1. Yes or no: region A:29-52 includes at least one residue that is crowded, with 23+ Cβ neighbours inside 10 Å and over 16 Å from the mean Cα position of the chain (by Cα).
2. In region B:218-249, which residue that is touching a residue at least 40 places away in the same chain (Cβ under 8 Å) and within 14 Å of another protein chain (Cβ to nearest Cβ) is farthest from residue A:182 (Cα to Cα)?
3. Report the residue count in region A:76-93 for those that are under 9 Å from the mean Cα position of the chain (by Cα) and assigned to a helix (DSSP H, G or I).
4. Examine region A:192-213 for a residue that is modelled with pLDDT of 85 or more, more than 14 Å from chain B (Cβ to nearest Cβ), out of contact with any helix residue (DSSP H, G or I) (no Cβ under 8 Å at 6 or more places or on another chain) and assigned to a helix (DSSP H, G or I), and state whether such a residue exists.
5. Do the conditions hold for residue A:236, that is, is it within 14 Å of chain B (Cβ to nearest Cβ), under 24 Å from residue A:273 (Cβ atoms) and at pLDDT 90 or above?
6. Report, by residue number, each residue of region A:271-302 that is assigned to a helix (DSSP H, G or I) and more than 13 Å from every other protein chain (Cβ to nearest Cβ).
7. When you go through (1) crowded, with 21+ Cβ neighbours inside 10 Å; (2) at pLDDT below 90 one by one for residue A:217, which number turns out not to apply?
8. With A:265, A:235 as the choices, which residue is more than 26 Å from residue A:82 (Cα to Cα) and surrounded by 14 or more Cβ atoms within 10 Å (Cβ to Cβ)?
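The values are calculated or read from the model by the stated rules, or taken from the named source; none is laboratory data. It should be emphasised that the depicted structure is a prediction, and the values quoted were computed from it without experimental measurement. Glycine also receives a Cβ, built like all others from the backbone with ideal geometry; neighbour counts cover every protein chain displayed.
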């Protein structure tokens, strides 16, 4: 994984907002594709229909009045692969990937200006085909009390203008928003033509958890470890949770190795001990999401979440 | 937090912007990010109380009251007359219901900054919780005099008036609050309670619906909403403390019950059974209305 990061870093270009700010928007050409995204078949199908196929078969889609480009919003618990999925979309269509993160958004609100947002969209248009990934979209287009000041409204309005331009000027520009808290989004952002495709990105399923654990355990002394069983005993764990689980278990094995002076493999008892004190971090997210879905979902947007909660018997 | 603006500094973030950045992150409920930002600010300006106040605010958001206290102690060590630190201290004591310390901190905060309306609001809340409605009224009136445009204060005013059985004035204050505030779940909670005290179950339900729409993740709001739904069942209202009984004092109610028990014993037994049945049935109906035929979710500590 570190090699991947290193490779990505080599591909990086950087857009700087202004000379005084160090806030950056990453720009790269990702090499990951859907083949490397485990599971999420429904989501991939929807993305293929809306994003990828119009680009690969433009004549067919043009006959139905559709052109390549558009937007979608990924939401779900943190650490479950929203960013990776967005990067894979860019890899799949061999597009440039612009990554707008929280620090950059923060600098637009404080000390920056809405022109920065326009610059980023202009950059995306210039580099088409391009995937512009807006992480933490709720920070940029939130509906909360704090967003009612004049300057805040201007930035949200600027975002709306840029998104509305998708239909006319943004051919081959794909906007992917991601948020852990879709309930904070300004409802104007979810109108048709903007982020009207809401896709729930759930925690990895058992098979995906096995794959993630295999990746995390690669290069570590873990022979004889029943990864399948481990995957089975970690329901609702996010990728980040699994990473932490392996780290904690490795720490324990390392302590044993220090005591005995010999390499000690990671054992199932290490994982069992860690699992006793650690539960899926996604549970808090589901508790909050359930409250919004049950009490505050006037448009029925979080039906998918309630279905998932029911299916996985989350209490 | 605008008053936190500082002299120009050199650093990755332009001078004077740290306060705004922290405030922004707090507005977005990103308390951990706010903590990191406030930490950076403290590194840049370790000799000023403002970064400590910002850290305390972030810890308050994370419900870590001990650490928030530590930060405020540091801020007050640097400047014993730091009004924001006294204000935040009062907020923490209010959150932990440490009333004596809260009153002391509020008094100190008001000595330094008599214009701090929110301290009067906190005091009003405290008196209201303790049933000292006259003192609550006086405090909330002071808050309203300082900030008449704040709907939250008008909503609490309406609730206090309802507790004082000033029905018409309470209704009038509720209308004012609704004109001023449409986005604060706490204000709608007060308005719901006020309507309930006035015996208007329908208005109470409407207010609680607004409160839960704005903040469904708050446990108190959920509980109040479910109770408001319960009170909208006619059989619940008939068999559980009708409105006119609320006007009596507790000892008057107890005496009435004893007298009725002596005179009409079988009727009292029937009424008690109907009361229990009304409680149970309405609770079941509300559960089905909200969660369907599923079990209620487990309570989680945030």
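1. yes
2. Among them, the one singled out is B:229.
3. Keep residues of region A:76-93 that are under 9 Å from the mean Cα position of the chain (by Cα), which gives A:76, A:78-87.
Now drop any that are not assigned to a helix (DSSP H, G or I), which leaves A:82-87.
The qualifying residues number 6.
4. yes
5. In short, yes.
6. Listed by number, the residues that qualify are A:271, A:272, A:273, A:274, A:275, A:276, A:277.
7. (1)
8. A:265
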